[in-house]
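Only one structure is covered here, and it is reproduced in the block below.
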Amino acid sequence: MNLIDDSRLADLSNDEISRYSRHLLLPEIGIDGQKRLRAARVLIVGTGGLGAPLALYLAAAGVGTLGVVDFDFVEASNLQRQIIHGTKDIDRPKTASARDRIRGLNPGVNVIAHNTRLTAENALDIMKDYDVVADGTDNYQTRYLVNDACVLLGIPNVYGSIYQFEGQASVFYAKEGPCYRCLYPSPPPPGLVPSCAEGGVVGVLPGIVGTIQACEVIKLIVGGGDGLIGRLLLFDAWRMKFRELRIEKDPLCPICGAEPSIRELIDYEQFCGISLPSDEAPIETITATELKKRIDCGDELQIIDIREPHERAIAKFPGAKPIPLGQMARRVDEFDPEIDAVFLCKIGQRSIFAIRALRDVGYKGRLLNLKDGVNAWARDVDSDLPQY
Amino acid sequence: MSVTIQIPTALRVFTDRRADVLVEGTTAGEAISAFADLYPDIRTHLYEDSGALRSFINVYLGDANIKNLSGLDTKLKDGDTLMLVPAIAGGAESSE
C-alpha cells in the first residue's frame, strides 16, 4: 500500500532534518517516511475533542497539508477536552482557532480551513484532494457521509468515536477491508443513543482516541506497521482496558459490497429519519415559558425529571418528580393518564426516549416534552439556574 | 447455561448502571432475549419491530461478530460472554 506517489516526494531541508530527527532515527519512518508525511494531505473532519489531538500531533509530525472542517464556534464548555482551543478563542470560529494554533506549532504546515458544515453537496469536492480523512465528528449523519464519500473516492477513513469513558477506533478503507457500513449498515433512529452533550465525556478520552487516530494516519502515510484495518479497537478509560474485535468486510454492504445500492451521496438528514417508525405520532413539545405560565396558572401537571441524581444536582428543577430514564416502562403505574405529563432533561433529547418508552407500554395520557430541556428553563425563565 | 452480557456505558442507563448481567440461554438469541426480559426498557433499543436486532448494535462473542457466526442462532457454552457494541458518534460537540 502506497498512499503517496513517489513523484510527490522532495528532499528535506537541513532545518527539516533537525526538526524531525526523532522520526528520521526510526528505520520504520526515516527520510523516506518523513518525505511522505510532508507530501501528504490529510483532512480532519471536526476540530473538537478528537480533532484537537489529531491536528496537533499531525502538525507536529510534519504532515505537509492539513485541512480542517468545522462550522462551529469555540464555547467555554469545549475547553475541558478540545485542547487546540484556548480561553481567548471563545466565540471564535473553531477553524480559525485551530489554524492559528497549528501555525504556531509548525509553520511548515499548510493549513486549509474549511469553515463550513460538511454536507452531501460539498463533501466530495472538499475531500477529493486529500490522501487520508480522519473522522472526528459528533453525529451519525456526518459519520455516514464521511464513510460514504471515502468509499466513493477510494481513500481511507481513520475513525474514532467516544462516549463518556469509552472509545472506538478503526481504519475503514474499502479497498483493503471493511467500511463503517460493514460494521453498522445504518444509523440509530434520531436520539436513540444520547449525544456527548447529553451524556458527558471525560476530557482525556478524546485525547487518547484522537491520538490513536493520529498514529494510524501516520502509519498509513509512511506505509508501515499493523494498521487497524479490519479491527475495531475498544477503549474503556475508567477500567483502563483495551479490547480488539474483528470486523469482516460485508459482501452485502450497501456501499462497498459486490452489488452496492448506494452509488452516490444521499440525503443524510432524511436517511437518518427513515429509521423512525412511519406510524409514530409526533412528540408534543412545550416551551419553558409556556410551562411557566401553566405552573403559574395553577394547572395540575405531572412534571417528570428523567435525569439521574448526579445530574439533577447540577441544576435542580423545582417541583419535578425524579424518574430516571431507564425506569420509565416499569414505573408506568405511577402516572395518572388524566393529567398532562411534562418530561425534562438537559436539552430535551433524552426526555423524548422517556415519552417513547411510555407510549411503547401503552400509556394513554398526554405526554409533553420540555423543549430544549432544563437549559431552556435556565435561559428563559429562571436565570439563577445554571446552564450546563 | 449461564452466560454474561456485557453492557456498554451508552446502554447502562437501562440496566441500573450494571456493566455485566448474568442470564440463561443456549443461543445468542435466547441470551439477549432473556436480558431484555430483565430490563424491559432496553427492548426497543435492541430490537426492530420485526424482532431483528437493530443494525446499530453488534453482538460479539469473543472477538467475532455473531453476524459472522450463526447470528442469533450462534450456540453458546456455559460461561461465555456476549458483548453489546453499539455505534457511538461522539467526538466533537455540536451546539444542539
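Derivation of every value follows stated rules applied to the coordinates shown; laboratory data play no part. Since the model is a prediction, treat every value here as computed from it, not as a measurement. As a convention, Cβ positions derive from the backbone with ideal geometry for all residues, glycine included, and neighbour counts pool all protein chains shown.
Numbers below:
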quantity: For chain A: Kirkwood Rh in Å [reciprocal of mean 1/r, alpha carbons]; calculated: 22.9
quantity: Most mobile of B:Ser70, B:Ser50, B:Ser33 in a GNM of chain B (Cα contacts under 10 Å); calculated: B:Ser50
quantity: Hydrodynamic radius of the stretch A:42-103 per Kirkwood, over alpha carbon pairs, in Å; calculated: 11.2
quantity: Placed amide H near A:Arg366: partners under 5 Å, 5+ positions off or other chain; calculated: A:Ala341
quantity: Rg [Å, one decimal], Dmax [Å, integer] - the stretch B:2-86, C-alpha atoms; calculated: 11.5, 31
quantity: Ratio Rg/Rh [Cα only; Rh per Kirkwood] for the stretch A:284-380; calculated: 0.93
quantity: Within the protein assembly as shown, percent of DSSP bridges classed antiparallel, to nearest 5; calculated: 50
quantity: Other-chain or far-sequence residues with amide H under 5 Å of A:Leu228's (modelled H); calculated: A:Val171
quantity: GNM top mover of A:Val74, A:Val222, A:Val332 - chain A, alpha-carbon springs below 10 Å; calculated: A:Val332
quantity: In Hz, Karplus ³J(HN,Hα) per residue of the stretch A:159-173 (6.51, -1.76, 1.60; θ = phi - 60°; x = Gly, Pro); calculated: 9, x, 8, 9, 7, 6, 10, 10, x, 10, 9, 6, 10, 9, 9
quantity: For the stretch A:249-255, Karplus couplings with θ = phi - 60° (6.51, -1.76, 1.60), whole Hz, Gly/Pro x; calculated: 5, 8, x, 9, 3, x, 10
quantity: Residue among B:Val59, B:Val23, B:Val13 with the largest mean-square fluctuation in a Gaussian network model of chain B, springs linking Cα atoms under 10 Å; calculated: B:Val13
quantity: For the stretch B:35-82, projected area of the alpha-carbon convex hull averaged over all directions, nm²; calculated: 3.9
quantity: Rounded to whole Hz, the Karplus (6.51, -1.76, 1.60) HN-Hα couplings of the stretch A:310-320, x for glycine and proline; calculated: 5, 7, 4, 5, 6, 8, 6, 9, x, x, 8
quantity: Cleavage-rule hits (GluC sites (Glu not before Pro)) in the stretch A:247-352: DSSP loop, at most 13 neighbouring Cβ within 10 angstrom; calculated: A:Glu264, A:Glu280, A:Glu300, A:Glu338
quantity: Chain A: angle of helix A:140-153 to the longest principal axis, Cα-based, in degrees nearest 10; calculated: 30
